[in-house]
Structure formats: structure tokens, C-alpha cells
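Chemist: Starting off with a structure, shown below.
The values are calculated or read from the model by the stated rules, or taken from the named source; none is laboratory data. Remember, predicted model here, so these are calculated numbers, not experimental data. Virtual Cβ from ideal backbone geometry, glycine too; neighbours counted across all protein chains shown. Each accessible area value is taken on the protein alone, full model and side chains, heavy atoms only, with ligands, DNA and RNA left out. Shrake-Rupley method; radii C 1.70, N 1.55, O 1.52, S 1.80 Å.
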Amino acid sequence: MVTRFDGWPHIVKAQQFSREWMEDALFVKADEMQRRVENREISAPLAGMEMISLFYQESTRTRASFEIAMAKLGGSVPFSTANASQFSAAKGENLADTILTLCEYSPSVIVLRSGKEGDAETAARVSSVPVINAGDGPGQHPTQALLDVYTIQKHLDRIDGLSIAMVGDLLNGRTVHSLAYLLGRFDGIEIFFVSPDHLRVKPEIREYLARHNVSFYEKKDIRDVARHVDVVYQTRTQHNLGTEKWDRFDESNGFTVINRDVLRFMRNEAIILHPLPCLDEIVREEVDSDPRAVYIKSRNGKPSQVKAGLYVRMALLMLLLF
Ligand code: CP
């Protein structure tokens with residue numbers, strides 16, 4: 001069993017990562033990966049390594065960036081699924097048997113996305129090779145959160161002392177959960193959770209933040225907090241995980257859209273992040289061209305959140321497999 005991640009053999013949840021590991025290992029390696037990509041280095045440090053990309057649910061960024069990361073490092077992805085209809089899950093095979101079967105083929109690592117919270121831990125329990133949680137239902141998405149904190153570090157040059165608004169579907173938005181856990185590792189963090197009452201962040205996350213001395217507040221209108229924060233972290237409605245669409249302009253739900261009005265409130269040096277995909281929660285024609293919007297466009301030589309995902313996932317594969 002691999003045991004490189006602070007006592008964990010797998011990447012299952014954000015709480016397993018220390019601040020020191022993020023700063024001293026992950027961020028340093030991700031910077032190295034950026035240089036490697038920009039310089040078009042052709043060495044193949046992961047030659048002979050094989051990644052299985054087992055996605056029960058659809059993905060663009062996570063699957064593409066992990067698979068491209070593996071290719072750029074000289075490894076291969078001999079088995080990759082886009083959703084559960086493409087392998088024997090469609091015939092009713094359970095997760096444990098699927099993982100046990102794949103392990104018999106001796107891959108180097110399995111990247112798993114599933115629709116059920118806890119699936120990554122179930123897979124890790126039976127797997128003889130490292131499992132990377134690429135999103136488990138409304139549970140967690142730890143590699144997304146790692147790339148989120150890396151993006152923040154690159155654009156704002158610090159994480160300590162930052163004030164962050166997390167907006168939208170905080171109940172089922174797994175990236176919010178993992179990011180909140182990671183932010184708990186840093187000092188002087190302040191979080192504004194901005195959502196309708198029925199989509200508030202889970203009690204266990206509030207308890208974790210309280211234990212880690214993170215100040216947090218629950219709000220309903222992003223316009224009330226936009227001027228205070230360094231980061232606006234917008235999220236979509238997780239309709240694929242059961243959240244019903246709500247009216248983001250309705251008085252009783254509060255206001256959770258990023259548009260030109262919100263931009264006017266925001267600090268000049270703040271940034272806007274979104275794990276994507278983005279539906280209607282950012283008015284793209286008003287926000288995309290703003291220099292603070294770094295979710296999909298790189299700015300001033302600093303990677304977009306999407307591009308940071310490639311560097312961070314390359315770094316994770318190197319730290320895990322090299
Ligand atoms: N952020 C994210 O997980 O996107 P995908 O669903 O496209 O992988």
C-alpha cells in the first residue's frame with residue numbers, strides 16, 4: 001500500500017492533507033509541472049505507469065485533466081469510462097467487485113468519480129492500489145479543492161488571512177466541502193457561506209471550522225459581503241445530485257448571482273473562482289472579461305483555475321507514483 005499522504009494510502013478526503021504538505025510538496029511540484037508544460041519537456045517520468053479512469057458520472061475537467069496529466073508524464077490510461085453505462089456497473093455490478101477486478105490487472109492508480117458519498121472510501125478499503133477521489137456524490141472533491149487553494153495562492157500570493165465567500169448550493173456542492181476543510185488548515189481565514197436557507201453547508205463542516213478557529217458567517221445575499229472578500233467562490237445548482245433549481249433573484253432565497261452589480265462591490269484585487277461547469281449563476285457576458293474572473297481564463301501569466309487543475313493533477317500523480 002502507498003502511504004505518502006500524511007498517513008493515507010489514497011486521496012479520499014481533504015482532511016488528510018496538512019498545510020505543510022500542500023505548501024512544501026504540492027505547490028512546489030505544481031509549479032514544476034507548469035514549467036514542464038510551458039517548456040514542452042518530453043521526458044517520461046511515469047513511463048510504464050497505468051491509470052484507470054473510472055467515472056460513473058460525466059466529467060469534463062477532472063477526467064480530461066487527469067488523463068492529459070498522465071499522458072504528459074509519459075504514463076498511459078488503458079481503461080477509461082465516461083459514465084456508468086460504459087462498464088459492468090450498467091449490469092448491476094457493485095463498486096467493490098469493480099475495484100477488486102480492476103486491481104487484478106495491476107494498474108498503478110485508479111481515479112474514481114461516483115454519484116454516492118462514501119464511495120471513494122469504500123473503494124479505497126478494498127483496493128490494493130491508490131484510489132483518487134475525483135468526486136463522490138455530494139461528499140467531497142479533494143483534488144478540486146487542492147487546485148482551488150493552489151489557484152488562490154498563485155493569484156493572491158497568500159492564503160492566511162483571506163476572506164472568502166462561498167456561494168450557491170453549499171449543501172450538495174462537494175467542492176465547497178473539500179475547500180472548507182482545506183482552508184481550515186490555514187490561519188486567520190474568514191468564510192462567508194452565501195446560500196438560501198435550504199442549501200446551507202452541512203453541520204459537520206461548521207463544527208470542523210469552529211474546531212479549527214475559522215470564522216464563518218451564513219448569509220443570503222452576495223452583495224452584502226462582496227466588498228469584504230478576497231475570493232468569491234461561486235457554485236452551480238447540483239441538479240445531478242438532487243438539488244432542485246431555485247430562483248437566485250427571489251427575495252426569500254437571497255441573491256446568489258455574480259453579475260456586473262456584484263463586480264461593482266468587489267475589491268479591485270479580489271478574484272472570482274468557480275469549479276465549473278457554470279450554468280446561469282454567473283452572467284458570463286458581464287463577468288468573463290473582468291480581470292478578476294480567473295475561473296477559465298489565465299491572467300498576467302498566472303494560471304486560470306482550469307489550467308491550475310492540470311498542473312495540480314500532474315503534481316499529484318508525480319507525488320503518488322514517481
Ligand atoms: N470541477 C469539476 O469537477 O468539473 P467536471 O465535472 O467537469 O470534472
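Chemist: Taking a cut-off of 21 Å between Cα atoms, list the lysines near Lys202, but don't count ones fewer than 8 places away on the same chain.
Modeler: Partners found: Lys13, Lys116, Lys219, Lys220, Lys245.
Chemist: So what's the angle, to the nearest 10 degrees on a 0 to 90 scale, between helix 142-156 and the longest Cα principal axis of the chain?
Modeler: 50 degrees
Chemist: Step through the residues of the range 193-203 one at a time and calculate ³J(HN,Hα) from phi using the Karplus curve (6.51 cos²θ - 1.76 cosθ + 1.60, θ = phi - 60°), rounding each to whole Hz and writing x for Gly and Pro.
Modeler: 8, 10, 7, x, 4, 7, 10, 5, 5, 5, x
Chemist: Here's a follow-up. For the range 16-65, what is the Kirkwood estimate of the hydrodynamic radius, computed as the reciprocal of the mean inverse distance between distinct Cα atoms, to one decimal in Å?
Modeler: Averaging 1/r across every pair of different Cα atoms and inverting gives 13.7 Å.
Chemist: Select from the range 237-312 those chymotrypsin sites (Phe, Trp or Tyr not before Pro) which occupy a DSSP coil region and have at most 15 other Cβ atoms within 10 Å, ordered by residue number.
Modeler: Taking the range 237-312 and a limit of 15 other Cβ atoms within 10 Å, the loop chymotrypsin sites (Phe, Trp or Tyr not before Pro) found are Phe249.
Chemist: Can you pull out the trypsin sites (Lys or Arg not before Pro) in the range 159-208 that DSSP calls coil and that have at most 10 other Cβ atoms within 10 Å?
Modeler: Within the range 159-208, no trypsin sites (Lys or Arg not before Pro) qualify (loop, at most 10 other Cβ atoms within 10 Å).
Chemist: Related question: Which value, in Å to one decimal place, does the Kirkwood hydrodynamic radius take for the range 1-110 when every pair of different Cα atoms is included?
Modeler: Hydrodynamic radius (Kirkwood, Cα only) of the range 1-110 equals 15.9 Å.
Chemist: Something else about it: Residue-wise, which Karplus ³J(HN,Hα) couplings in Hz belong to the range 214-228, taking 6.51 cos²θ - 1.76 cosθ + 1.60, θ = phi - 60°, and x for glycine or proline?
Modeler: Per residue, the Karplus-derived 3J(HN,Hα) values read 8, 6, 9, 9, 10, 10, 10, 10, 4, 5, 6, 10, 4, 6, 8 Hz.
Chemist: Let me ask another. With every protein chain left in place, what is the accessible area of Glu67 in Å² (1.4 Å probe, nearest 10)?
Modeler: Around 40 Å² of this residue is reachable by solvent.
Chemist: If you take every DSSP beta bridge whose two residues both sit in the chain, what share of them, in percent to the nearest 5, is antiparallel?
Modeler: The antiparallel fraction comes to roughly 5 percent.
Chemist: To check you understand DSSP bridge types, tell me what percent of the beta bridges within the range 12-133 (both residues inside) are antiparallel, rounded to 5.
Modeler: Expressed as a percentage, antiparallel bridges in the range 12-133 total about 0.
Chemist: Just read off the accessible area of His198 with the full protein assembly in place, 1.4 Å probe, to the nearest 10 Å².
Modeler: Surface open to solvent at His198 totals about 100 Å².
Chemist: Now a separate question. Going Cα to Cα from Lys154, which lysines come in below 16 Å? Please leave out same-chain ones fewer than 8 positions away.
Modeler: Straight-line reach from Lys154, under 16 Å: Lys29, Lys297, Lys302, Lys307.
Chemist: Can I ask one more? From the P(r) of the range 209-279, can you give the percent of Cα pairs sitting at distances over 17 Å?
Modeler: So the portion of pairs separated by more than 17 Å is 53 percent.
Chemist: How many Å³ per residue does the convex hull of the Cα positions in the range 53-206 occupy?
Modeler: 131 Å³
Chemist: Would you mind pulling out the separation of the Cα centroids of the range 220-282 and the range 124-195, in Å?
Modeler: With the range 220-282 and the range 124-195 each reduced to a Cα centre, they are spaced 17 Å.
Chemist: Moving on to the next point. The chain: Rg/Rh from Cα coordinates, Kirkwood Rh?
Modeler: 0.96
Chemist: Between the alpha-carbon centers of the range 37-52 and the range 54-95, tell me the distance in whole angstrom.
Modeler: Between the Cα centres of the range 37-52 and the range 54-95 lies a distance of 18 Å.
Chemist: Read phi for every residue in the range 60-69 and hand back ³J(HN,Hα) as whole Hz from Karplus 6.51 cos²θ - 1.76 cosθ + 1.60, θ = phi - 60°, with x for Gly and Pro.
Modeler: 10, 5, 5, 5, 4, 5, 5, 6, 5, 4
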